[in-house]
Amino acid sequence: FLFVKYGSQVAFQGLWGVPYIASVYDVSPTTAAGAVTMVAAGYVVAAPIIGRLADVMAARGMNLIAAQRRLLVATTMLYVVTWVPIVLAPGFLPLSAMYLLLFVMGTSVSSASLVFGIAKELFPSNVSGLAIGLVNITSILGGAAMPPVVGWFIDRLTAAGLQGGAVYSRAMIPCLLAAAIGLALISMVR
């Protein structure tokens, strides 16, 4: 789950988001970087709120893992939705709306930290450290794998003669697919 969720976020926020925004909206890299920074801002604002919300849901009688899972499913649905205009309708939203969309993207990604709590609760204490370590490795692997995948698509699309924002939006199809796969995976957890 974290492999695909963090992988697509890192591909956009860490590498390909600035050229995407700059080419689709015809703005400077500085302006594009300001827009992409909204992903981090959304993450920072929402992470403690989502964690607290899981605790509140558990305090009201819901099993903690069930509360965390419910929040993960809801925020991952939102995450998938944030990819749709980026991939399928580049430039449809005005740049000001992209700031908001990217903030929401960061908000939805911040729930991924709940997976660490779920891993701790699902495994006995003598192996919970190992389980959490493996969860962490998957997020790092996703962040390492997805940017080159998008880059490979960019190379192929450019070689085929595509230019501008269309290259980046089509090259980010793996990010949308990864988000949808993440939603399918977290929906299977019981």
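Points worth noting:
- Of the listed requirements (1) at pLDDT below 90; (2) farther than 22 Å from Leu72 by Cβ, Ala131 misses just one: (2).
- Within region 34-49, being farther than 20 Å from Ala89 by Cα and open to solvent by less than 50 Å² (accessible area, probe 1.4 Å) holds for Gly34, Ala40, Ala41, Gly42, Ala46, Ala47.
- Residue list for region 24-48, filter: among the aliphatic types (A, V, I, L, M), in contact (Cβ under 8 Å) with a residue 60 or more places away in the chain and assigned to a helix (DSSP H, G or I): Val24, Ala35, Val36, Met38, Val39, Ala40, Ala41, Val44, Val45, Ala46, Ala47
- The one condition in (1) surrounded by fewer than 17 Cβ atoms within 10 Å (Cβ to Cβ); (2) under 20 Å from the mean Cα position of the chain (by Cα); (3) not basic (Lys, Arg) that Leu114 fails to fulfil: (1)
- Meets criteria (within 25 Å of Val56 (Cβ to Cβ), free of Cβ contacts under 8 Å to residues at least 60 places away in the same chain, open to solvent by 60 Å² or more (accessible area, probe 1.4 Å) and out of contact with any strand residue (DSSP E or B) (no Cβ under 8 Å at 6 or more places or on another chain)) for Leu71: no
- Count of region 153-182 residues, restricted to those that are surrounded by fewer than 19 Cβ atoms within 10 Å (Cβ to Cβ), touching a helix residue (DSSP H, G or I) at 6+ places or on another chain (Cβ under 8 Å) and not in a helix (DSSP H, G or I), is 2.
Rundown of residues vs (1) under 17 Å from Leu185 (Cα atoms); (2) open to solvent by less than 40 Å² (accessible area, probe 1.4 Å); (3) out of contact with any helix residue (DSSP H, G or I) (no Cβ under 8 Å at 6 or more places or on another chain), yes/no style:
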| residue | (1), (2), (3) |
| --- | --- |
| Met98 | no, yes, no |
| Ser108 | yes, yes, no |
| Lys120 | no, no, no |
| Gly129 | no, no, yes |
| Val135 | yes, yes, no |
| Thr138 | yes, no, no |
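The values are calculated or read from the model by the stated rules, or taken from the named source; none is laboratory data. For clarity, every value in this text was computed on a predicted model and none was experimentally measured. Using ideal geometry, Cβ is built from the backbone for each residue, glycine included, and neighbour counts are taken over all protein chains shown. Side chains are part of the model used for accessible areas, which takes the heavy atoms of the whole protein and leaves out ligands, DNA and RNA. Shrake-Rupley method; radii C 1.70, N 1.55, O 1.52, S 1.80 Å.
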